[in-house]
1. Any residue at all in region 68-76 that's aliphatic (A, V, I, L, M), assigned by TED's automatic domain parsing to the domain that holds Ala129 and surrounded by fewer than 19 Cβ atoms within 10 Å (Cβ to Cβ)?
2. Starting from residues that are surrounded by fewer than 18 Cβ atoms within 10 Å (Cβ to Cβ) and in contact (Cβ under 8 Å) with a residue 60 or more places away in the chain, keep the ones in region 105-123 and report whichever is nearest to Arg142 (Cα to Cα).
3. Which of (1) part of a helix (DSSP H, G or I); (2) of a type in the set (D, E, K, R); (3) touching a residue at least 24 places away in the same chain (Cβ under 8 Å) is the odd one out, the single condition Glu145 does not satisfy?
4. State which residue pairs qualify: first residue free of Cβ contacts under 8 Å to residues at least 60 places away in the same chain and inside region 93-104, second residue outside any loop (DSSP other than H, G, I, E, B) and aliphatic (A, V, I, L, M) in any location, beta carbons under 6 Å apart, and separation of 6 or more residues or different chains.
5. Restricting to region 158-183, what's the tally of residues that are of a type in the set (D, E, K, R) and in a helix (DSSP H, G or I)?
6. Scan region 37-55 and tell me whether some residue there is under 20 Å from the mean Cα position of the chain (by Cα) and either at pLDDT 95 or above or not assigned by TED's automatic domain parsing to the domain that holds Cys110 (or both).
7. So, in region 148-157, of the ones that are outside any helix (DSSP H, G or I) and not charged (D, E, K, R), which residue ends up surrounded by the most Cβ atoms within 10 Å (Cβ to Cβ)?
8. Output the residues belonging to region 112-131 that are of a type in the set (D, E, K, R) and within 17 Å of Gly72 (Cα to Cα).
Amino acid sequence: MATTTPETVEPRRSARQRLLDAASELFYNEGVQSVGIDRIIEHAGVAKASLYNTFGSKEELVQAYLTSRHAGTIERLTAAIEKHTDPRSRLLAIFDAQAELAGQPDFRGCAFISASAEAPAGGLIEQAADDYRAEIRALFTRLAEQVGASEPDMLARQLHMIYDGAGISARMDRDPTAPAGARAAAASLVEAQRR
């Protein structure tokens, strides 16, 4: 008879966490609109009332899914940036983190682009995407200032567009090397702004 210890027993996840995990997997892999509430509930193994008591609506569940992805992306980018002390390397580390993600076999592109393309204007999903994009732009702006860019706001905007393009290219062209090309383009822009 096997002995169980606290280390071998997975803690029971809350209904909220099971719903969020199921939504994250299904929404990212299949799309927000194509995945219905019943599939999420079945995948999570919870009662329908749990979803509505916890999130209120599918839109609120999508918002929670995007908020979770937002936090995970910022955490991943911050970890990549903090591996470096040189301002230029810190800025370019964003593209290194993107390359690592694009190289994963389950990479399906940007969750925010996918979700907002299917969402009605002015709702919670659009707001979650706007919040995410604003934080990415602010991150690029801070790093552009630290690198000594002559026009940090403009450089941040350009880098953000390159970052977006690399993610789209990696997904649409099935090219996990796209972020490496984006990194090279970003490095050229950084050097031009530092002169």
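1. Among the residues of region 68-76, at least one is aliphatic (A, V, I, L, M), assigned by TED's automatic domain parsing to the domain that holds Ala129 and surrounded by fewer than 19 Cβ atoms within 10 Å (Cβ to Cβ), which makes the answer yes.
2. Top of the filtered list is Gly109.
3. (3)
4. Here the result reads Ala93/Ala80; Ala93/Ile81; Ala97/Leu77; Ala97/Ala80, each pair linking region 93-104 to a residue that is outside any loop (DSSP other than H, G, I, E, B) and aliphatic (A, V, I, L, M).
5. Looking only at that region, the number is 3.
6. No, region 37-55 contains no residue that is under 20 Å from the mean Cα position of the chain (by Cα) and either at pLDDT 95 or above or not assigned by TED's automatic domain parsing to the domain that holds Cys110 (or both).
7. If we filter region 148-157 for residues that are outside any helix (DSSP H, G or I), which is where we start, we get 148-151.
From what is left, the residues that are not charged (D, E, K, R) are 148-150.
On the way: Gly148: 12, Ala149: 22, Ser150: 11.
In this case the residue turns out to be Ala149.
8. Asp130, Asp131
The values are calculated or read from the model by the stated rules, or taken from the named source; none is laboratory data. Computed from a predicted model, the values in this text were never measured in an experiment. A quick note on method: Cβ atoms are made from the backbone with ideal geometry, for glycine too, and the neighbour counts reach across all protein chains shown.
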